[in-house]
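Quick notes on the structure that follows.
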Amino acid sequence: MIEIENTEIFGWEAAIRGMRNSFNSWDKSDSGLDSGSGKFVVGQADMELMDRLSRSGPSHAKFLRYIVVQFDVTAPRYWWAEMDTYKVGTVRNSCSTMHKVQEKAFTRDDFSCEHLDGDSLRALDVLIGTVNAARDRFNASRDKNDWWQMIQLLPASLNQRATLQVNYQVLQGIYATRRNHRLDEWHRFCEWIEGLPASCLITLPRE
């Protein structure tokens, strides 16, 4: 399970200026604010240059680093373990398991368990019951041993929410390496990438 919310994107104007610096071709830029909506609109000439450079490898596509994407993600910890390999150009601010684990009782909804069969769901329910019993003891006594029973029993399927900041070049690398991954979560994430403005700069193959 993965949910992506509250997507915000900015930096188009700076990206185009930086891209044009390499060619001293600022006079050829055809992007600007739309008089009606007041939004920044990328022109055809700029888009064609962006498209060409984005296909030419990371050193030519440096302008993509200026296009910043901020969003919230709720996903299981087994997905976060793979997402955390993308350390360059990313910022993550997560909900705290260490400090907030005891605040609410766990239910099935707190876990990615959509592929579990009946036997596995029953095993998960037993685990949830055991963790909740430790939670109740910890909340009553503040005994650290009970806290350990919660922390070390929580499975990788526990969902965690975080706010991420990446850029289009980071997403380009993610898309290239994860679009055919076995995890459903990566397929959904790549579908979200495909829905971003000018996503062709991310998804089209490099030359």
Check your understanding: Taking Cα atoms, how many degrees apart are the long axis of helix 144-153 and the longest axis of the chain, rounded to 10 and kept between 0 and 90?
Key -> 60
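Under a Cβ-only charge scheme (Lys and Arg +1, Asp and Glu -1), can you give me the dipole magnitude of the chain about the Cα centre, in debye to the nearest 20?
Here the size comes out at about 680 debye.
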Check your understanding: With all protein chains present, how much of the accessible area of the range 10-145 (probe radius 1.4 Å) comes from carbon and sulfur, to the nearest whole percent?
Key -> 52
Practice item. Measure nothing fancy, just the Cα-based angle from helix 168-178's long axis to the longest principal axis of the chain, in degrees from 0 to 90, nearest 10. Key: 60
Exercise for review: Report the local net charge at G195: Lys and Arg +1, Asp and Glu -1, summed over other residues whose C-beta lies under 15 Å from its C-beta.
Suggested key: -3
Practice item. Let me know the Kirkwood hydrodynamic radius for the range 1-48, please, with Cα pairs as the basis and the value in Å to one decimal. Key: 12.4
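Could you calculate the contour length gain from D125 to F40, that is, 0.36 nm times the residue separation minus the distance between their Cα atoms, to one decimal place in nm?
Roughly 25.5 nm would be gained on extension.
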Review point. Using 1/(1 + (r/R0)^6) with R0 = 30 angstrom and r between the beta carbons of L183 and N139, what's the FRET efficiency to the nearest 0.05?
Key: 0.30
Revision key, fill the gap. Long-range share for the range 82-207, i.e. C-alpha pairs more than 18 Å apart as a percent of all pairs, stands at 64
Practice item. Could you pull out every one of the lysines with an alpha carbon less than 29 Å from that of K104, ignoring same-chain neighbours closer than 8 positions? Key: K144
Point to revise | Nearest-0.05 FRET efficiency for C95 and K62, computed from C-beta distance (R0 25 Å) | key: 0.15
Exercise for review: Determine, from the Cβ-Cβ distance of L33 and H115 and an R0 of 45 Å, the FRET efficiency 1/(1 + (r/R0)^6), rounded to the nearest 0.05.
Suggested key: 0.45
Study note, to complete from the structure: Relative contact order of the chain (C-alpha contacts under 8 Å, at least 6 apart) in percent is 29
**Study point:** Per residue solvent-accessible surface (Å²) - the chain, probe of 1.4 Å
**Key:** 56
Check your understanding: Mind checking which lysines have their C-alpha under 22 Å from K87, skipping anything on the same chain fewer than 8 residues away?
Key -> K62
Point to revise | Cα pair distances of the range 1-158 binned at 5 Å [whole percent] | key: 1, 7, 13, 13, 11, 10, 9, 7, 7, 7, 7, 5, 2, 1
Review point. Picking from V166, V68, V91, which is most flexible by a Gaussian network model of the chain using Cα springs under 10 Å?
Key: V91
Exercise for review: Could you work out how far the C-alpha centroid of the range 153-178 sits from that of the range 79-137, in angstrom?
Suggested key: 16
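Quick check on the chain: helices-only [θ] at 222 nm, where DSSP H runs of length 4 and up contribute -39,500 (n - 2.57) each and the sum goes over total residues. Nearest 500, please.
-13000 deg cm²/dmol
The values are calculated or read from the model by the stated rules, or taken from the named source; none is laboratory data. A quick note: this is a predicted structure, and the numbers were derived from the prediction, not measured. Note that each Cβ is placed from the backbone with ideal geometry, even for glycine, and that neighbours are counted across all protein chains shown. Protein only, heavy atoms only, side chains kept; ligands, DNA and RNA dropped before computing areas. Shrake-Rupley method; radii C 1.70, N 1.55, O 1.52, S 1.80 Å.
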